[in-house]
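Since every read-out is calculated from the coordinates, none of them should be taken as a lab result. If you're wondering where the values come from, they're calculated on a predicted model, not measured in any experiment. Cβ placement follows ideal geometry from the backbone for every residue including glycine, while neighbour counts extend to all protein chains displayed.
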Amino acid sequence: MVTESGAATPTLDYYDRNAGKFTKDTADVEFTQIQDLFLGYLAPGARILDLGCGSGRDSRYFLSKGFEVEACDGSAEMVKIASETAGIPVRQMLFEELSEVERYDGIFACASLLHVPYVQLGDILAKIERALKDNGILYVSFKYGTFEGERNGRYFTDMTMERLQERLEAAAKMSGRRALKVVESRITGDVRPGRESEKWLNVILRKEAERQEQ
């Protein structure tokens, strides 16, 4: 996964060391409900960035549905696996290196932004907003709650809607634009077998076009 700032972090090291196991645990889980929810907000053939693509599972699905897909991840080992899974070149890139301007119709950040420290999340969301076209769609997911810190060798920032809204407002101040608009949110159980009791916050957001001056 793309992770907290810095060229080398414990979280990146975790994914490099455990890339095979992580792929085995996540690559084949049934996730079409969320994938199709995101795609439903996009026009056919839209350009998607799979931000923190992990095993490449979602990129592969989006490509199979006829969408144009770019993918990136912070872990060198996950990049290798994702390239094979999705059948496309995958960039090794940290969140803070996202520099595109109005390039994407949709950005899919599934269980990836959750590795960004809360204080840094506003800046990352501002970069994501800049990379989206007007009316572009962002999907994010976080473990549900208020915990922040290391858990099982990785850094996690859990999220509630209230905490996320505060970070969206912080991003808006940095970008000088209106905050990304929450379109839909869902709290769901983990899709991995045996972990259904773990709750996730799933949110769809839209970058609204700025009003034209009269």
Inter-part distance where the range 72-116 and the range 125-159 are each reduced to a Cα centre, Å: 13 Å
Contact order relative to length of the chain, as percent, for alpha carbon pairs under 8 angstrom and 6 or more apart: 20 percent
Estimated FRET transfer efficiency when R0 is 41 angstrom, pair ARG151-ARG103 (beta carbons, to 0.05): 0.80
Likely footprinting exposure, ARG57, ARG91, fewest C-beta neighbours within 10 Å first: ARG91, ARG57
Length gained when the stretch GLU210-ARG178 is fully extended (0.36 nm per residue, less Cα-Cα span): 10.7 nm
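Could you check what % of the DSSP bridge pairs in the chain are antiparallel, to the nearest 5?
Working: 19 of 35 bridges.
The answer is about 55 percent antiparallel.
Tell me, what is the FRET efficiency for GLU68 and LEU37 to the nearest 0.05, using R0 = 25 angstrom and their Cβ-Cβ distance as r?
0.85
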Whole-angstrom Cα spans of the chain along principal axes, big to small: 56, 37, 33
